[in-house]
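**Q** Before anything else, here's the structure in question.
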Amino acid sequence: MHLVTLPFPLLLPPSTPLSPLHPTFYSREHCLPKLLPVLISTRKKRQQQQGPPKSHLLVPVTPSQLADSCWLSVSFATFYWMAAEPFYTVASDSETTGEDKSQPSFPDVAIGIDIGTSKCSVAVWNGHHVELLKNTRNQKGMRSYVMFKDDTLSAGVTGGAAKENAHEERDVLSGSAIFNMKRLIGRMDTDEVVQASKALPFLVQTLGIGVRPFIAALVNNMWRSTTPEEVLAIFLLELKALAEMHLKHPVRNAVLTIPVAFSRFQQTRIERACAMAGLHVLRLMPEPTAVALLYAQHQQQLMHDNMGSGIEKIALIFNMGAGYCDAAVAATAGGVSQIRALSGCSVGGEDILQNIMRHLVPNFDSLYAGQTMDRIKSMGLLRIATQDAIHKLASQDSVEINVDLGDGQKVSKVLDHSEFEQVNRVIFEKVEKIINQCLADAKLVPEDINDVILVGGCSRIPRIRSLVLGLCKTEVSYKNIDALEAAVSGAALEGAIASGVTDPEGSLDLLTIQATPMNLGIRADGDNFAAIIPRNTTVPARREMLFMTTHDNQTEALISVYEGEGERAEENHLLGYFKITGIPPAPKGTVEISVCMDIDASNVLRVFAGVVKPQGQGVPPFIEVRMPTLDDGHGWCGQALAKMYGSKLDLAVHPKKLQP
Amino acid sequence: CRRRKAWGRRGLRVAAVAAESRSSEGAVAEDYYAVLGVMPDATPQQIKKAYYNCMKSCHPDLSGNDPDVTNFCMFINEVYTVLTDPIQRAVYDEIHGYALTATNPFLDDSAPRDHVFVDEFSC
């Protein structure tokens, strides 16, 4: 008998025999393995006071039961690679409320997960230090993909179970695997990142109307549809199983790192995927801020009481992986890491790779239009050869690329640094822009920076290193940090801290003070964007702004909440909208409406809005809305609202009053 | 002179202040310097140090997700934003009578000495 996660809620139909009401439901006490006493003893009292956040189920099932009941009509057989002993997982269950009586008696320390575009890793605080977990193939960085094959699914965590059918990179590129989910998740088909993803060897179909792209993997010569959330959930499920096998107790909470450029809508998609995998997201941490926390710990260890002597260190953290590029400026003193500024964009190694592929094969787009088996295979060969060449260019002056793409197509070329840099000029310009923006936002000059920390796979590219170091006017980067492990280590530290773990040696005596990466505000003054919480505001934060009506006897006002950097509302991400109704009739400009936004430490955004002048019994109560409320469509709703109401429900920023 | 009584090491008693600021919104919460436990003529470094100390006791990461403490933490962030921006701080000082023309009570002999709060340099 085995236990497996209920991949709540999408992967199972409600009628599943895995329901807690089913006779196979077991009590938790019976199932729990021995626990790690170290972790329990270091937990703070408040954890006990809080009690379990949600009800959790432990459900034993057999693989065949699972296969029968699985909504995806595939078996999770590959999850049983550790089948020598039963393992236990919990499923977050918000529907069943009657099962709360079992108290979690396992140490509830959140694990740290870095879901990279290309590679993922997982780390835990083991009571003494952060430990990165390795899979059965002894890898700490596990390729991010999910392979769809016949009736089985397997993610890159295990990399195809047994040794004889271990996945190679060419299998991942065969069309049967979905990867780069972090680039696709929460994006609409008008997005240029989604458009660029059409050059991947699986099916990314777009209609260009602002809906989700259609994504499918090749299974038995058929395209089988899936979604980025589903793919990520399957991957996280394997990652969770790996962590549980190491820790020998169920894992429920996780701290995940995300790119700075992720919109709040994308963040909800990540949370959704986690919920499907039975993980509760304790914190979503922008990647460079996780690195900043690790840096703070280093500094804390180096100088014990720098708080007393007031020595503060300023670090610029630059992170560039396969999908995204981020920068942060953090001020560190006495174990406190304060994020001064964040900036980021969706540019990464994948773009460099595609630029080089298009450079090597000038007719790339026409050659690979329409994904036939031959073309997918050929594209896979080109990808591998190009990737290899880029890696080699990190340590040598030039590289020779020789690859037979089949069908009479051959590439034979010598690529050197100057050509590589020429082809990727636009990318380097974007990198320069985000570094400069980050420094400007932090109100610092390069001379203020004590350490430059370069992390992520692309930080190995010589041009990127020299560019970032040059902008910060320094010769060398900070040495004591592993470029590929820093983010996940920081996430594991945050996981332990936010779970209430303390360390007698003081190595968890740390705090990150986060900042918001993007402006948050509403549409006002016509189609303009009024930022209520400007970017790089320290969180938790609450800000309020006053608005006024724009028409005489206006009784309703529309509050459309946006996030982004654009001056016009429509250039930003629409997070949601609601109406204030029942406004007392009055001449325009005389009614004052307050819109207040707050962000708590878990990054939850709430918007409060209501009439503050006139006051009295005739005024409707305030409205509180948790954002984002939109589930899909982004720009569409904004356009539909504009078409339907024009400027009838508009507000204007209150001009005279000093904004509170 | 009423405000001088409020100068204490409140930064060390954040929980108490958090509860207090909720009940008596005006008296405590209004005095940005008192909330951080610094003097009105504190240097930016002193303000930062006080802020970090304060955050270490009230940040939800370290103190749990109690709504009162989170609210207080939001308030501290607002205080710090004002006091670290030279212009906003000058405006605040002007409004609250802490402008540069005001005198430091410890250096001013005419100020009454109650010996409750002492300057760290003079003891």
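The values are calculated or read from the model by the stated rules, or taken from the named source; none is laboratory data. Computed from a predicted model, the values in this text were never measured in an experiment. Ideal geometry is used to build each Cβ from the backbone, glycine not excepted, and the neighbour counts take in all protein chains shown.
**Q** Looking at residue A:330, is it within 14 Å of chain B (Cβ to nearest Cβ) and either more than 20 Å from residue A:119 (Cβ to Cβ) or assigned to a helix (DSSP H, G or I) (or both)? Break it down into steps so the answer makes sense when it comes.
**A** Details: within 14 Å of chain B (Cβ to nearest Cβ): yes; either more than 20 Å from residue A:119 (Cβ to Cβ) or assigned to a helix (DSSP H, G or I) (or both): yes.
For residue A:330, the condition - within 14 Å of chain B (Cβ to nearest Cβ) and either more than 20 Å from residue A:119 (Cβ to Cβ) or assigned to a helix (DSSP H, G or I) (or both) - is met.
**Q** Tell me, which residue of segment A:266-301 that is among the β-branched types (Val, Ile, Thr) and not in a strand (DSSP E or B) is nearest to residue A:517 (Cα to Cα)? Write out each step before concluding.
**A** Filtering segment A:266-301 down to residues among the β-branched types (Val, Ile, Thr) leaves A:268, A:270, A:281, A:289, A:291.
Subset that is not in a strand (DSSP E or B): A:268, A:270, A:289, A:291.
Numbers: A:268: 16, A:270: 17, A:289: 11, A:291: 16 Å.
Checking each candidate, the answer is A:289.
**Q** A further question on this structure: Between A:411, A:426, which is of a type in the set (A, V, I, L, M) and part of a helix (DSSP H, G or I)?
**A** Unique residue meeting the criteria: A:426.
**Q** Another question, if that's okay. Inspect all residues belonging to segment A:524-532 and state whether any of them is within 14 Å of chain B (Cβ to nearest Cβ) and either touching a Pro at 6+ places or on another chain (Cβ under 6 Å) or of a type outside the set (Lys, Arg) (or both). I'd like the intermediate steps shown before the answer.
**A** Narrowing segment A:524-532 to residues within 14 Å of chain B (Cβ to nearest Cβ): A:532.
Add one more test, that the residue is either touching a Pro at 6+ places or on another chain (Cβ under 6 Å) or of a type outside the set (Lys, Arg) (or both), and what stays is A:532.
Looking for residues that are within 14 Å of chain B (Cβ to nearest Cβ) and either touching a Pro at 6+ places or on another chain (Cβ under 6 Å) or of a type outside the set (Lys, Arg) (or both), one finds at least one in segment A:524-532, hence yes.
**Q** Take the residues of segment A:596-605 that are surrounded by 15 or more Cβ atoms within 10 Å (Cβ to Cβ) and not charged (D, E, K, R): which is farthest from the other protein chains (Cβ to nearest Cβ)?
**A** A:605
**Q** Please determine whether any residue of segment A:203-217 is hydroxyl-bearing (Ser, Thr, Tyr), buried (at least 20 other Cβ atoms within 10 Å of the Cβ) and part of a loop (DSSP other than H, G, I, E, B). Write out each step before concluding.
**A** Residues of segment A:203-217 hydroxyl-bearing (Ser, Thr, Tyr): A:206.
Then drop every residue that is not buried (at least 20 other Cβ atoms within 10 Å of the Cβ), which leaves none.
Within segment A:203-217, not a single residue is hydroxyl-bearing (Ser, Thr, Tyr), buried (at least 20 other Cβ atoms within 10 Å of the Cβ) and part of a loop (DSSP other than H, G, I, E, B).
**Q** Mind counting the residues in segment A:449-504 that are among the hydrophobic types (A, V, I, L, M, F, W, C), under 23 Å from the mean Cα position of the chain (by Cα) and assigned to a loop (DSSP other than H, G, I, E, B)?
**A** So the count comes out to 3.
**Q** I'm trying to understand the selection: among the residues of segment A:220-237, which are in contact (Cβ under 8 Å) with a residue 40 or more places away in the chain and not in a strand (DSSP E or B)?
**A** Residues of segment A:220-237 that are in contact (Cβ under 8 Å) with a residue 40 or more places away in the chain, as a first pass: A:220-221, A:224, A:226, A:228-237.
Answer for segment A:220-237, where residues must be in contact (Cβ under 8 Å) with a residue 40 or more places away in the chain and not in a strand (DSSP E or B): A:220, A:221, A:228, A:229, A:230, A:231, A:232, A:233, A:234, A:235, A:236, A:237.
**Q** So which residues in segment A:500-521 are more than 13 Å from chain B (Cβ to nearest Cβ) and touching a Phe, Trp or Tyr at 6+ places or on another chain (Cβ under 7 Å)?
**A** A:521, the sole residue that qualifies.
**Q** So for segment A:271-282 (the condition being under 9 Å from the mean Cα position of the chain (by Cα), hydrophobic (A, V, I, L, M, F, W, C) and at pLDDT 95 or above), does at least one residue qualify? Before the answer, list the steps.
**A** Initially, segment A:271-282 is screened for residues under 9 Å from the mean Cα position of the chain (by Cα), giving A:271.
Narrowing the set further to residues that are hydrophobic (A, V, I, L, M, F, W, C) leaves none.
Scanning segment A:271-282 turns up no residue that is under 9 Å from the mean Cα position of the chain (by Cα), hydrophobic (A, V, I, L, M, F, W, C) and at pLDDT 95 or above.
**Q** Take segment B:64-82 and flag every residue that is within 23 Å of residue A:508 (Cβ to Cβ), more than 8 Å from chain A (Cβ to nearest Cβ) and free of Cβ contacts under 8 Å to residues at least 24 places away in the same chain.
**A** Once the filter is applied, which keeps residues that are within 23 Å of residue A:508 (Cβ to Cβ), more than 8 Å from chain A (Cβ to nearest Cβ) and free of Cβ contacts under 8 Å to residues at least 24 places away in the same chain, segment B:64-82 yields only B:66.
**Q** Could you run through segment A:505-526 and say how many residues are surrounded by fewer than 18 Cβ atoms within 10 Å (Cβ to Cβ) and closer than 12 Å to residue A:652 by Cβ?
**A** 2
**Q** So, one more: Can you find even one residue in segment B:77-98 that is loosely packed, with under 15 Cβ neighbours inside 10 Å, on the phi < 0 side of the Ramachandran plot, at pLDDT below 90 and in a loop (DSSP other than H, G, I, E, B)?
**A** Scanning segment B:77-98 turns up no residue that is loosely packed, with under 15 Cβ neighbours inside 10 Å, on the phi < 0 side of the Ramachandran plot, at pLDDT below 90 and in a loop (DSSP other than H, G, I, E, B).
**Q** Taking segment A:360-406 only, how many residues are in a loop (DSSP other than H, G, I, E, B) and either without any contact (Cβ under 8 Å) to a residue 12 or more places away in the chain or farther than 26 Å from residue A:219 by Cβ (or both)?
**A** To start, the set of residues in segment A:360-406 that are in a loop (DSSP other than H, G, I, E, B) comprises A:361-363, A:368-372, A:394-397.
Next, from what is left, pick out any that are either without any contact (Cβ under 8 Å) to a residue 12 or more places away in the chain or farther than 26 Å from residue A:219 by Cβ (or both): A:361-363, A:369-370, A:372, A:394-397.
Residues in segment A:360-406 being in a loop (DSSP other than H, G, I, E, B) and either without any contact (Cβ under 8 Å) to a residue 12 or more places away in the chain or farther than 26 Å from residue A:219 by Cβ (or both): 10 in total.
Quick grid of which residues meet (1) surrounded by fewer than 18 Cβ atoms within 10 Å (Cβ to Cβ); (2) within 21 Å of residue A:549 (Cβ to Cβ):
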site: A:561; (1), (2): no, yes
site: A:585; (1), (2): yes, yes
site: A:607; (1), (2): no, yes
site: A:628; (1), (2): no, no
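**Q** Something else about it: Name the residues in segment A:120-161 that are assigned to a loop (DSSP other than H, G, I, E, B), buried (at least 20 other Cβ atoms within 10 Å of the Cβ) and either at positive phi or at pLDDT below 90 (or both), would you?
**A** A:135, A:156, A:157, A:158, A:159, A:160
**Q** Let me ask another. Might you check whether a residue that is within 17 Å of residue A:541 (Cα to Cα), at pLDDT below 90, more than 9 Å from chain A (Cβ to nearest Cβ) and surrounded by 22 or more Cβ atoms within 10 Å (Cβ to Cβ) occurs anywhere in segment B:38-60?
**A** Taking every residue of segment B:38-60 in turn, at least one turns out to be within 17 Å of residue A:541 (Cα to Cα), at pLDDT below 90, more than 9 Å from chain A (Cβ to nearest Cβ) and surrounded by 22 or more Cβ atoms within 10 Å (Cβ to Cβ).
**Q** Still on this structure: Among the residues of segment A:517-563, how many are touching a His at 6+ places or on another chain (Cβ under 9 Å) and either in contact (Cβ under 8 Å) with a residue 60 or more places away in the chain or farther than 15 Å from residue A:263 by Cβ (or both)?
**A** Adding up the residues that qualify gives 7.
**Q** Would you say residue A:570 is in contact with a His (Cβ under 6 Å, 6 or more places away or on another chain) and more than 14 Å from chain B (Cβ to nearest Cβ)? Step through it out loud before you land on a result.
**A** Values: in contact with a His (Cβ under 6 Å, 6 or more places away or on another chain): no; more than 14 Å from chain B (Cβ to nearest Cβ): yes.
For residue A:570, the condition - in contact with a His (Cβ under 6 Å, 6 or more places away or on another chain) and more than 14 Å from chain B (Cβ to nearest Cβ) - is not met.
**Q** Moving on to the next point. Quick one: residue A:404 ticks every box in (1) at pLDDT below 95; (2) more than 22 Å from residue A:168 (Cα to Cα) bar one, so which box is it?
**A** (2)
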